[in-house]
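Engineer: Please find one structure pasted underneath; my questions will follow.
The values are calculated or read from the model by the stated rules, or taken from the named source; none is laboratory data. This is a predicted model, so every value here is computed, not measured. For neighbour counting, all protein chains shown are included, and Cβ atoms are generated from backbone atoms with ideal geometry for every residue, glycine included. Calculation scope for accessible area: heavy atoms of the full protein, side chains included, ligands and nucleic acids excluded. Shrake-Rupley method; radii C 1.70, N 1.55, O 1.52, S 1.80 Å.
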Amino acid sequence: MKILVLGGAGYIGSHTVSELVDAGEEVVIADNLETGHIEAVNPKAKFYEGDIRNREFIDSVFENEKIDAVIHFAANSLVGESMANPLKYYDNNLYGTKVLLESMVAHGVGKIVFSSTAATYGEPESIPILETDRTEPTNPYGETKLSMEKMMKWTGVAHGLRYVALRYFNACGAHKSGEIGEAHNPETHLIPLILQVPNGQRESVSIFGTDYDTKDGTCVRDYIHVTDLAQAHILAVKYLADGGESNVFNLGNGVGFTVKEVIETARKVTGHPIPAVESPRRGGDPAKLIASSEKARKVLGWNPEHAGLEEIIESAWKWHKTHPHGYAE
Ligand code: UFG
């Protein structure tokens, strides 16, 4: 199969390209390199630099390449930034997807797998979260991702396109080679921020809120290794290629860790004391997010292989200690 990976130079995109290439698939990447990195572009993939909001650009990719399926990661993904600048998210995530779907329909490309998020649920009604639970996003990031799901649904009704929306919980870790990993600027995610301490880039890490209704008062998240997420995309493409109907899946381990547990595990992995400063809550953080991924296991045959928090942090540490400034050096 020839697969077009939009956003293939980003964090989850580059790891998915790596797994696709290892599985012997033909991969074409398109990325505007706004948050992606040229160094993360897999040399075995064909690369087009451009923006999905540019209809001529995306049309030219479909005209040059005979694409069987699209995997769509090209979006902005920071909750805080989306609160400060919601229209950026409507423009890139929603308008970008609209242009992409128009071009797919015009070129007869009918299969798409894309990054959705736990943020589509908002404050969960129960734990673990099921795909059928209420979706009431509490920020524009989650809102635009949910709208992307609906845009695909109605495009499917009208034009026969089929999609799989993968609702990720907390993506983390890095490729086993240590050659690609997480590199955001600015960094806002817990594990990379913690690892900046043993890397000598910050004195301490902040714990955002210690008065949540959880076992130690800090937020609980379901941390899922990026390579396991990558595998789910491959299974989802196969599911669509085998005739599967449009569907939505949660991707998580089904196990929650508190912020304090994550910091403690990082101390163990790095052998560094990693001072932590108890700080006020960060606005908009739900106390607990844990996925039920039973559906992905049953329907896609997904089986996360790097579920241990220690293994996840070890892989992240291997990347960050050799790339303290991401791809910058
Ligand atoms: N946290 C800290 N200190 C920090 C950074 C984070 O205590 O310096 C806490 C947060 O408050 C949160 C947990 O660590 O409780 C995880 O925070 P991240 O920023 O790493 O991840 P989020 O859970 O906020 O975000 C993830 C995904 C988003 C998605 C969101 C859904 O990265 O894409 O879940 O709520 F939208």
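Engineer: Considering only residues that are over 17 Å from the mean Cα position of the chain (by Cα) and in a loop (DSSP other than H, G, I, E, B), which ones fall in the range 33-47? Walk me through it before giving the result.
Structural biologist: Kept after step one, since they are over 17 Å from the mean Cα position of the chain (by Cα), are these residues of the range 33-47: 38-39, 42-47.
Correct list: Asn42, Pro43, Lys44, Ala45.
Engineer: Further question: With the requirement that a residue be of a type in the set (S, T, N, Q) and more than 19 Å from Val226 (Cα to Cα), what does the range 4-46 give you? Walk me through how you get there before you give the answer.
Structural biologist: Keep residues of the range 4-46 that are of a type in the set (S, T, N, Q), which gives 14, 16, 18, 32, 35, 42.
Asn32 - this is the single residue of the range 4-46 that is of a type in the set (S, T, N, Q) and more than 19 Å from Val226 (Cα to Cα).
Engineer: Check off (1) in contact with a helix residue (DSSP H, G or I) (Cβ under 9 Å, 6 or more places away or on another chain); (2) surrounded by fewer than 17 Cβ atoms within 10 Å (Cβ to Cβ); (3) over 21 Å from Gly96 (Cα atoms) for Leu20 and give me the number that stays unchecked.
Structural biologist: Tallying (1) in contact with a helix residue (DSSP H, G or I) (Cβ under 9 Å, 6 or more places away or on another chain); (2) surrounded by fewer than 17 Cβ atoms within 10 Å (Cβ to Cβ); (3) over 21 Å from Gly96 (Cα atoms), Leu20 fails exactly one: (2).
Engineer: Moving on to the next point. In the range 112-130, what residues are away from the ligand (no atom under 11 Å from the Cβ) and open to solvent by less than 30 Å² (accessible area, probe 1.4 Å)?
Structural biologist: Ile112, Val113, Phe114
Engineer: Which residues, counting only those in the range 162-174, are more than 10 Å from the ligand (Cβ to nearest atom) and open to solvent by 10 Å² or more (accessible area, probe 1.4 Å)?
Structural biologist: If the condition is that a residue be more than 10 Å from the ligand (Cβ to nearest atom) and open to solvent by 10 Å² or more (accessible area, probe 1.4 Å), then Arg162, Tyr163 are the ones that fit.
Engineer: Listed residues Ser177, Ser206; which is in a strand (DSSP E or B), open to solvent by 20 Å² or more (accessible area, probe 1.4 Å) and of a type outside the set (A, V, I, L, M, F, W, C)?
Structural biologist: Only one candidate qualifies: Ser206.
Engineer: With the structure loaded, tell me whether Asn185 is more than 11 Å from the ligand (Cβ to nearest atom), surrounded by fewer than 22 Cβ atoms within 10 Å (Cβ to Cβ) and either of a type in the set (D, E, K, R) or modelled with pLDDT under 95 (or both) or whether it fails that test.
Structural biologist: In short, yes.
Engineer: Within the set of pairs 6+ apart or on separate chains, which have a first residue in the range 120-134 that is modelled with pLDDT of 95 or more, a second that is aliphatic (A, V, I, L, M) and assigned to a strand (DSSP E or B), and C-beta atoms under 7 Å apart?
Structural biologist: Filtered contacts from the range 120-134: Tyr121/Ile129; Pro128/Ala291; Ile129/Ala291; Glu131/Val248.
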